[in-house]
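Each remark here refers to the structure printed beneath this line.
The values are calculated or read from the model by the stated rules, or taken from the named source; none is laboratory data. As the structure is a prediction and not an experimental result, all values here were calculated from the model. Every residue, glycine among them, receives a Cβ derived from its backbone with ideal geometry; neighbour counts consider all protein chains shown. Accessible surface areas use protein heavy atoms only, side chains included; no ligands, DNA or RNA. Shrake-Rupley method; radii C 1.70, N 1.55, O 1.52, S 1.80 Å.
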Amino acid sequence: MLAQQLTSSVLLFENSLGHITQEPDQQLICLCWHRVLRDVSGLQPLLSQLLRAQHLTHYPKLLLDEHEAAPYSEAAKSWMVNEWLPCLPNLAGFQSVACVVATDVFARLSAVPVVAQAQHLHLPYRSFPTEAEARAWLQLH
């Protein structure tokens, strides 16, 4: 599966916080976080490009790979909860979002308010311990 993933993945955008790829064979957009503190200055352009990718491709599936993610800064966490997530249902067409949880305990803890807000807004979001489990779920949804 990894060989297939590498051959069908197209890099769309990258900055210090992460990179966005599309996988046409899977009708999937993937956001992979880098091991860097997630701040607003990097978060806004990355997530803006994520929306752009969804609007261009109309892919219904999103894989958030937070395996290597670092924590959110307080400002980034506040921006995600109060500005980004409340607008997301009207802006994006994702029907299934699978998230591979971070291995860093502080990254997981800093994401608690973000995940709670996503659940409160009834976003189609589910967490998984491994990428393989997340991808298997996305194939079914």
Considering each residue of segment 18-73, count those that are within 20 Å of L140 (Cβ to Cβ) and of a type in the set (A, V, I, L, M, F, W, C), and give that number.
6
Please go through segment 14-29 and pick out each residue that is buried (at least 17 other Cβ atoms within 10 Å of the Cβ) and modelled with pLDDT of 95 or more.
L17, G18, H19, I20, T21, Q22, E23, L28, I29
Selection within segment 104-115 - more than 12 Å from the chain's Cα centre (by Cα), touching a residue at least 12 places away in the same chain (Cβ under 8 Å) and over 14 Å from L37 (Cα atoms):
P113
Identify, please: which residue in segment 122-141 is of a type in the set (G, A, S) and more than 14 Å from the chain's Cα centre (by Cα) and is, among those, nearest to Q95 (Cα to Cα)?
A136
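Does S96 satisfy the criteria of being under 24 Å from V36 (Cα atoms) and surrounded by 13 or more Cβ atoms within 10 Å (Cβ to Cβ)? First the steps, then the outcome.
Working: under 24 Å from V36 (Cα atoms): no; surrounded by 13 or more Cβ atoms within 10 Å (Cβ to Cβ): yes.
When the stated conditions are applied, S96 does not pass them.
Here is a yes/no grid of residues against (1) at pLDDT 95 or above; (2) touching a helix residue (DSSP H, G or I) at 6+ places or on another chain (Cβ under 9 Å); (3) of a type in the set (A, V, I, L, M); (4) not in a helix (DSSP H, G or I):
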| position | (1), (2), (3), (4) |
| --- | --- |
| L31 | yes, yes, yes, yes |
| V36 | yes, yes, yes, yes |
| H55 | no, yes, no, no |
| V81 | no, yes, yes, no |
| C99 | yes, yes, no, yes |
| T103 | yes, no, no, yes |
| A118 | no, yes, yes, no |
| L123 | no, yes, yes, yes |
| R126 | no, yes, no, yes |
What residue, among those in segment 30-42 that are over 11 Å from the mean Cα position of the chain (by Cα) and under 18 Å from L85 (Cα atoms), is most open to solvent (accessible area, probe 1.4 Å)?
S41
Filter segment 61-71 down to the residues that are within 13 Å of the chain's Cα centre (by Cα) and surrounded by 18 or more Cβ atoms within 10 Å (Cβ to Cβ) and list them by number.
K61, L62, L63, L64, D65, E66, H67, A69
